[in-house]
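Asker: Let me begin by handing over the structure; questions about it come next.
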Amino acid sequence: MAEEKVFARKASGLVRGLSLLDAFGVGFMNQGLTPSMWVMISLGLSVYTGGNLIIATILSAVMCGIGFSLVWGILGGSMPRSGGEYIYNSRILSPLIGIAESFGNAFVWIMWIYVLAPWTVDPGLVMLFQFLGMPQVADFLSQPLALFLIASLVNLIALFFLVFGIKVFAQAQKIVMALGILGALVILLVFTFTSREAFVQAWNDLAAEYGSLSYDQFLAAAQAEMEAAGKTLPVTWNWFDTLGVMVAGSWLFAYSYCITFIAGEVKRPEKSIILGNLFAILVPAFFMLWLSIVLYRTVGFQFLSATAFVDEALGGELAGYTLPWAPHFVGLAAVATRSPILLFLMALSFILFNFWWVALSYLAFPRILFAWGMDRIGPKWFTDINPRWATPVKNHILCFVLGEIGIALYAVWQEQMSGLSVTGLEIVSVFGVTALAATIFPFVKKARHIWEASPYSHWKIAGIPVVTIGGIVNLIYLAILFYFFIIMPGLEELTIGSLIFYVLIWGLGIAWYYFWVARNKRIGIDVSMAYGELPPE
Amino acid sequence: MRIFFVTDIHGSNICYRKFLNALKVYNVDVGILLGDLTGKMLIPLVEKAGGGWETTFMGRNVTVDTREELEKLKKTIENVGYYWTHLTPEQFAELKADQAAREALFKMLMLDRLREWIALADERLAGTSYRVYMAPGNDDHFEVDEVIEGSEVIVNCNDRVVMVGEHEMATFAWTNPTPWETPREKPDEELEPMLESLISRIRDVSTSIFNFHAPPYGYALDLAPELTKDLVQAADRRVHVGSRAVAKMIEKYQPLLGLHGHIHESRGVQKIRRTTIINPGSEYSEGILKGVVIILQKGKLKDYIFTSG
């Protein structure tokens, strides 16, 4: 190792303290391991029944490992601040685009609350009580009022984990991550140590106990339903469906970017942010790859696609199927083991990862608003920091209130609210715009001084900056997702509505920007001063 | 009256030049550049056998082979607030072993850069109507005052009460103790009489400005990450590190405005009774000039906007 050639004098200065493990933790938890594996399997295979989970996982891991790690790692390492992608996009692209995109992302974080807090209840808690043989409790939790009340409690607990400072959050995250991973490992080990014969026997035994369909009957009934819906149940995989499954797989691989909200506190940011992103993609990929292999071996290719269709497209309702839980992958593991402790840990894994997603909204949303407030693109109280807890408490409360409104709407109009695809908005807005910013980062004149001081400015392949290559790979991945998202049959009729919704949100963001520009101008403040370029010479 | 307030640029050439240019761009009447003015790192450009230079910059080993690359590297070093020096491998080894020589070299380079800054200001601001005030911070050696004093256009406001329009402004560079034992720091008990003495020179404290480098303890502008014994961030906890003496003075005298720096991460604004306290923060190492434009009208604070240029 070369000798370090640098001298420092006695002067105040901080060494950042969040480690690579902490950065990884935030990125990994935002990938939502267990519920995201559920989405990839149930949503992915219900629509693209011929998808190959193993190949979709490998392709996603490679493309995200290159694209997301480089884009978010290099931008975060070059501008290690905790304001999210608003910082990058406003500096590299333009303040207006930065605000419009950021506005969309603020909505996204609220949308996650109203989707995921209820998911913690149903299927999370519902699954737990079904596994534990308490169907009455599970049925009660499925009612709109119960869903609203328990989801609201989840929302409130998530608020408490962040509003009192990041220390509580960081400590709790370690516990949640450990228990969540433990539960996921239990699921994997259950499948690993269950042969096909043992699984079929366990399924048939359970079916006999509950008067439900046997393994073969379930397959035949599901196939009939699929054909009635104009689908086929292929005996083997195909490339088109495999690429389509990657849309649902994006839940598991595209969300490590949350690290950007703590980038200002990570030590050795030039290494930790990029590696944190990479590991937060590779670790879920390892789990998903393992799960895919053992699922195909234990459950079977056709049966897995059939259960995914029943779980997602039919909402678990198949004539003759009377097992007490839905046939999702955790439910399939529950078929293979009857140990209450293992069942508890498996359901807990789903619940904890889901719950922590909600908590991460409280990490991101208040910081986004704080960054706007500092630029006067919002009321002054966005920047109020509570001296006792060192957090923007008012922003946290706003996040809670907006989340509550969303949860209430979701409890009543679940289908419509689910149709406003959060993923679609993120693909177009957050990921797409930021990938574009990364692609052109080395070539933008106004950001040149940031690029030249960046530790990655010398990273080149064939003369092309690595951040540009990463940006292009990321854009290709996002284009694949967007194409399949648009043509996804299950969401076809809602796609136009979603697109209008995205345009509306961007429009609101632009209106928000101009409103604050005009308002400040009236009192003699030129908002462009907040981020306008100053001549450097 | 419009004031542009900046703090903690720590030797960054690009930030200083932006500060001078900002006076016109932001259309202000007064510029205030509060310490810390000087940088923290010295980058030795060590000659390589067979030509070229090598060093460590931003945590990575850097090698340059041509003069053009070298000049570009020097400019980047200056822009992030660091200093550079040419050394042979033997000179580097000697300097590494000699702390006193390193400190002397550091001091020389710091003062040289500050002289360049003063000369640049004298050249650019001569004949303009801008009023510019400058003062050191706790990281700046005492010789810094003399260099500022040498300016024809910049006023060294350190430890003085000066008029900023119709407002009196008292400036104070010292801070309460830091873990780094910087040149201008004292316990709060010793700062208090110094501050009382300074404030006693103000005639109308209700319209005055406290331009104190240290932020007041216990409010939103002095939150810094908690440190371990090794001066590494404990990361997940922020603690108050400001001056209790400064807090006491603000609470006691309730000036119109408190301008503060020192804690780069605590960019923000807060109201303490009738006093508005502001810390514009600092991102000097990225070449970004963080500041705040303050509008005063009829003896009151009309508005403010944080800037990032």
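Asker: Which distance in Å, rounded to a whole number, links the C-alpha centroids of region B:2-44 and region B:55-100?
Answerer: Each part reduced to its Cα centre gives a spacing of 24 Å.
Asker: Taking H as built 1.01 Å from N, whose amide H comes closer than 5 Å to the amide H of A:Asn386, not counting residues under 5 places away?
Answerer: A:Thr391, A:Val393
Asker: Tell me the label-point distance for the pair A:Lys174, A:Tyr483, using the 7 Å Cα-to-Cβ offset, in nm and rounded to one decimal.
Answerer: 4.5 nm
Asker: Per residue of region A:357-371, what does 6.51 cos²θ - 1.76 cosθ + 1.60 with θ = phi - 60° give for ³J(HN,Hα)? Whole Hz please, x for Gly and Pro, Karplus curve as stated.
Answerer: 4, 4, 4, 5, 4, 6, 6, 8, 4, x, 6, 5, 5, 4, 4
Asker: Treat the count of other C-beta atoms within 10 Å as a stand-in for reagent exposure and order B:Met41, B:Met1, B:Met163 from fewest to most.
Answerer: Fewest-to-most Cβ neighbours within 10 Å comes out as B:Met163, B:Met1, B:Met41.
Asker: If I take R0 = 41 Å and measure r between the Cβ atoms of A:Leu145 and A:Ala319 in this structure, what FRET efficiency does the formula 1/(1 + (r/R0)^6) give, to the nearest 0.05?
Answerer: 0.90
Asker: In addition: Stokes-Einstein D for region A:203-281 at 25 °C, 0.890 mPa s, Kirkwood Rh over Cα pairs, in µm²/s?
Answerer: Working: Rh = 17.0 Å.
In µm²/s, the coefficient is 145.
Asker: Using only Cα atoms, find the angle between the long axis of helix B:244-253 and the longest principal axis of chain B, and express it within 0 to 90 degrees, rounded to the nearest 10.
Answerer: 30 degrees
Asker: Would you work out the relative contact order for region B:42-104, in percent, from Cα pairs under 8 angstrom that are 6 or more residues apart? Please report the intermediate quantities before stating the final value.
Answerer: On the way: 67 pairs, mean separation 23.0, N = 63.
37 percent.
Asker: How big is chain B by Rg and Dmax over its Cα atoms, in Å?
Answerer: 20.1, 67
Asker: Enumerate the calculated ³J(HN,Hα) couplings along region A:295-309 in order (Karplus 6.51 cos²θ - 1.76 cosθ + 1.60, θ = phi - 60°), each rounded to whole Hz, writing x wherever the residue is Gly or Pro.
Answerer: 5, 4, 6, 7, 9, x, 4, 5, 5, 5, 5, 5, 5, 4, 5
Asker: Using a Förster distance of 35 angstrom, determine the FRET efficiency expected from the C-beta separation of B:Glu166 and A:Lys446, and round it to 0.05.
Answerer: Calculated transfer efficiency: 0.40.
Asker: Sort A:220-230, B:208-218 by packing, meaning the average of other beta carbons within 10 Å per residue, with the highest value first.
Answerer: B:208-218, A:220-230
Asker: Starting from the amide H of B:Glu226, placed 1.01 Å from N in the peptide plane, find each other amide H under 5 Å away whose residue is 5 or more places distant or on another chain.
Answerer: It is B:Ala234, B:Ala235, B:Arg237, B:Arg238, B:Val239, by chain and number.
Asker: Check each of the GluC sites (Glu not before Pro) in region B:158-228 and keep only those in coil by DSSP with at most 16 other C-beta atoms within 10 angstrom; list them in order.
Answerer: B:Glu166, B:Glu181
Asker: Taking 0.36 nm per residue of sequence separation and subtracting the Cα-Cα distance, how much length would be gained by fully extending the chain between A:Glu4 and A:Gln201, in nm to one decimal?
Answerer: 64.5 nm
Asker: I want to check the label-to-label distance for A:Ile510 and A:Thr232. Put each point 7 Å from Cα in the C-beta direction and report it in nm to one decimal.
Answerer: Modelled inter-label distance: 4.4 nm.
Asker: What whole-number value in cubic angstrom gives the convex hull volume per residue for the C-alpha atoms of region A:20-522?
Answerer: 136 Å³
Asker: Using only the alpha-carbon atoms of region B:152-309 as identical scatterers, what base-10 log of I(q)/I(0) does the Debye formula give at q = 0.21 Å⁻¹?
Answerer: At q = 0.21 Å⁻¹ the computed log10 ratios are -1.51.
Asker: Okay, moving on. Fully extended, how many nm does the chain gain between A:Leu96 and A:Arg519 (0.36 nm per residue separation, minus their Cα-Cα distance)?
Answerer: 150.7 nm
Asker: Which loop-located chymotrypsin sites (Phe, Trp or Tyr not before Pro) does region B:1-96 contain, where loop means any DSSP state but H, G, I, E or B and the Cβ has at most 14 other Cβ atoms within 10 Å? Display every interim value, and only then the final one.
Answerer: Values: sites: B:Phe4, B:Phe5, B:Tyr16, B:Phe19, B:Tyr26, B:Trp53, B:Phe57, B:Tyr82, B:Tyr83, B:Trp84, B:Phe92; in loops: B:Tyr26, B:Tyr82.
Filter output for region B:1-96: empty list.
Asker: How much length, in nm to one decimal, is gained on full extension between B:Lys75 and B:Glu152, taken as 0.36 nm per residue of separation minus their Cα-Cα distance?
Answerer: 25.0 nm
Asker: Using alpha carbon coordinates only, what is the Rg to Rh ratio of region B:42-104, with Rh defined as the Kirkwood radius?
Answerer: Numbers: Rg = 11.6 Å, Rh = 12.1 Å.
Computed over Cα atoms, the ratio is 0.96.
Asker: No solvent, one uniform scatterer per C-alpha: report log10 I(q)/I(0) for the protein assembly as shown via the Debye equation at q = 0.08 1/Å, two decimals.
Answerer: Taking Cα atoms of the protein assembly as shown as identical point scatterers yields -0.74.
Asker: Excluding residues on the same chain fewer than 8 positions from B:Lys248, give the lysines whose Cα lies under 28 Å from its Cα.
Answerer: In chain and number order, the partners are A:Lys380, A:Lys394, B:Lys186, B:Lys271, B:Lys290, B:Lys298, B:Lys300, B:Lys302.
Asker: Which chymotrypsin sites (Phe, Trp or Tyr not before Pro) in region B:115-208 sit in a loop by DSSP (not H, G, I, E or B) and have at most 10 other Cβ atoms within 10 Å of their own Cβ? Walk me through the numbers on the way to the answer.
Answerer: Working: sites: B:Trp117, B:Tyr130, B:Tyr133, B:Phe142, B:Phe172, B:Trp174, B:Trp180; in loops: B:Tyr130, B:Phe142, B:Trp174, B:Trp180.
Sites meeting the loop and neighbour criteria: B:Phe142.
Asker: Something else now. Quick one: Karplus J couplings for region A:42-53, per residue in order, coefficients 6.51, -1.76, 1.60, θ = phi - 60°, nearest Hz, x for Gly and Pro?
Answerer: Running phi through 6.51 cos²θ - 1.76 cosθ + 1.60 with θ = phi - 60° gives 6, 6, x, 7, 6, 8, 10, 5, x, x, 9, 5 Hz.
Asker: Which residue, chosen from A:Ile92, A:Ser46, A:Trp356, occupies the Cα position most advanced towards the positive end of the dipole of region A:20-522, where the dipole is computed from +1 (Lys, Arg) and -1 (Asp, Glu) charges on Cβ about the Cα centre?
Answerer: Among A:Ile92, A:Ser46, A:Trp356, the one farthest towards the positive end of the dipole of region A:20-522 is A:Ile92.
Asker: Roughly how many Å is it from the Cα centre of region B:256-295 to that of region A:208-248, as a whole number?
Answerer: Each part reduced to its Cα centre gives a spacing of 61 Å.
Asker: What range in chain A is the longest one free of trypsin sites (Lys or Arg not before Pro) that are in a loop by DSSP and have at most 15 other Cβ atoms within 10 angstrom? It would help to have the intermediate numbers written out before the result.
Answerer: Numbers: sites that count: A:Lys10, A:Arg338, A:Arg388.
Within chain A, the longest run free of exposed trypsin sites (Lys or Arg not before Pro) spans A:11-337.
Asker: A follow-up question, please. How far apart, in nanometres, would the label points at B:Met194 and B:Arg67 be if each is projected 7 angstrom from Cα along the Cα-to-Cβ direction?
Answerer: That separation, rounded to one decimal, is 4.7 nm.
Bear in mind that the values in this text are calculations on the coordinates, not laboratory data. Everything numeric here is computed off the predicted structure, so don't read it as measured data. Every residue, glycine among them, receives a Cβ derived from its backbone with ideal geometry; neighbour counts consider all protein chains shown.
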